[in-house]
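Engineer: One structure follows; several queries about it will come next.
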Amino acid sequence: MSRAFWLRLLVLLPVSIGVQLLLRDRLDLQPDVGSVGAFVTAVGTLYSVLTGFTVVSVWGQFADTDRAIKREARELAELWRYVGYVSDAAGIARARDAIERYRDEVVNREWPVMLRGETATAAEDEFLEMTDAVNGIAVATAKDVPAWTEAVRALGAVSDARGERTILVLQRMPNLLRVLLYIATLSLIGGMILLGFASALIGGLVVGFTVIVSLLVLEVIDDLDDPFTGAWGVSSAPFERIRFTQATQGQPSGMAGSTTERA
């Protein structure tokens, strides 16, 4: 749980129960229990629809971010492997060196920036250098054509996934929707407080349970809304798991270093 959740809970839970007990002693809530119950039903329905829609939306964004990162890492490993099938040894060395530098920049420099919710452009120069290196590989024989074609395809896939990742890192739930969620939460808790419970104990338990559940829902939404932090935070593990292996001695030049672990 985040610090914000515990702070909200420590403030809202005792205040809600205290206000409920205070109103119980000062006012007769029984005559209005029907109208208040109708209000709670209406707000509860709105709250359930609103939170359901929001959870689905932020979960979809979180899943898209996770898929984009895994796809980028997977295609990066494939790119490193495919460039090894061509016969241009110097071109292979330049391309693979650029690919490894790009991976290191993403992990070491871009990821901390994404954790802060800022634009991830730290590895932009390394990405362009990688693109130039792959495109600069000499295609000398007919056997080089399919390998270079697959390398270019993988490079395009890396570019697409990177573009999607840099966009998703900046996308957050609209502030207006967040304010609406907070208002609906407070309205639901307020309606529960105004219900005329015959037992003070049952009233306190119901109000306290409503507060806890409502804050847990907000915590889940806040957690998913930031895909790089929290309980479900997307990590840089797909990039870190890439292991670029060196060329095996005795292999033909067109097959040199053609293996790498999949991300």
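The values are calculated or read from the model by the stated rules, or taken from the named source; none is laboratory data. Owing to the predicted nature of the structure, the values given are computational and were not obtained by experimental measurement. A quick note on method: Cβ atoms are made from the backbone with ideal geometry, for glycine too, and the neighbour counts reach across all protein chains shown.
Engineer: Among L10, L22, which is the only one that is loosely packed, with under 15 Cβ neighbours inside 10 Å, over 28 Å from the mean Cα position of the chain (by Cα) and aliphatic (A, V, I, L, M)?
Structural biologist: L22
Engineer: Same structure again: Return only the number of the condition from (1) touching an Asp or Glu at 6+ places or on another chain (Cβ under 8 Å); (2) closer than 19 Å to D226 by Cα that R101 does not satisfy.
Structural biologist: With (1) touching an Asp or Glu at 6+ places or on another chain (Cβ under 8 Å); (2) closer than 19 Å to D226 by Cα applied to R101, the lone miss is (2).
Engineer: Restricting the first residue to the range 211-232 and requiring it to be more than 15 Å from L12 (Cβ to Cβ), which pairs with a second residue that is part of a helix (DSSP H, G or I) and of a type in the set (V, I, T) meet a Cβ separation below 7 Å and a spacing of at least six or different chains?
Structural biologist: V220/V55; I221/T54; I221/V55; I221/V58; L224/V58; D225/V58; P227/T65
Engineer: Also, I was wondering about something else. Of A231, A237, A247, A198, which residue is surrounded by fewer than 19 Cβ atoms within 10 Å (Cβ to Cβ), small (G, A, S), under 30 Å from R24 (Cβ atoms) and at pLDDT below 90?
Structural biologist: So the residue among A231, A237, A247, A198 that is surrounded by fewer than 19 Cβ atoms within 10 Å (Cβ to Cβ), small (G, A, S), under 30 Å from R24 (Cβ atoms) and at pLDDT below 90 is A198.
Engineer: Which ones in the range 195-209 are in contact (Cβ under 8 Å) with a residue 24 or more places away in the chain and part of a helix (DSSP H, G or I)?
Structural biologist: Within the range 195-209, A200, G203, G204, V207, G208 meet the criteria.
Engineer: Can you work out which of the residues in the range 38-50 that are in contact (Cβ under 8 Å) with a residue 40 or more places away in the chain and out of contact with any Leu (no Cβ under 7 Å at 6 or more places or on another chain) is nearest to G190 (Cα to Cα)?
Structural biologist: F39
Engineer: Filter the range 35-84 down to the residues that are of a type in the set (G, A, S) and crowded, with 17+ Cβ neighbours inside 10 Å and list them by number.
Structural biologist: A68, A73, A77, G84, listed by residue number.
Engineer: Can you give me the ranges of the helices (runs of 4 or more DSSP H) entirely in the range 80-135 with at least 3 residues that are over 30 Å from the mean Cα position of the chain (by Cα) and over 14 Å from R162 (Cα atoms)?
Structural biologist: Counting at least 3 such residues, we get 89-105, 124-135.
Engineer: Which one is farthest from F62 (Cα to Cα) among residues in the range 106-122 that are surrounded by fewer than 20 Cβ atoms within 10 Å (Cβ to Cβ) and charged (D, E, K, R)?
Structural biologist: Checked the range 106-122; the qualifying residue farthest from F62 (Cα to Cα) is R109.
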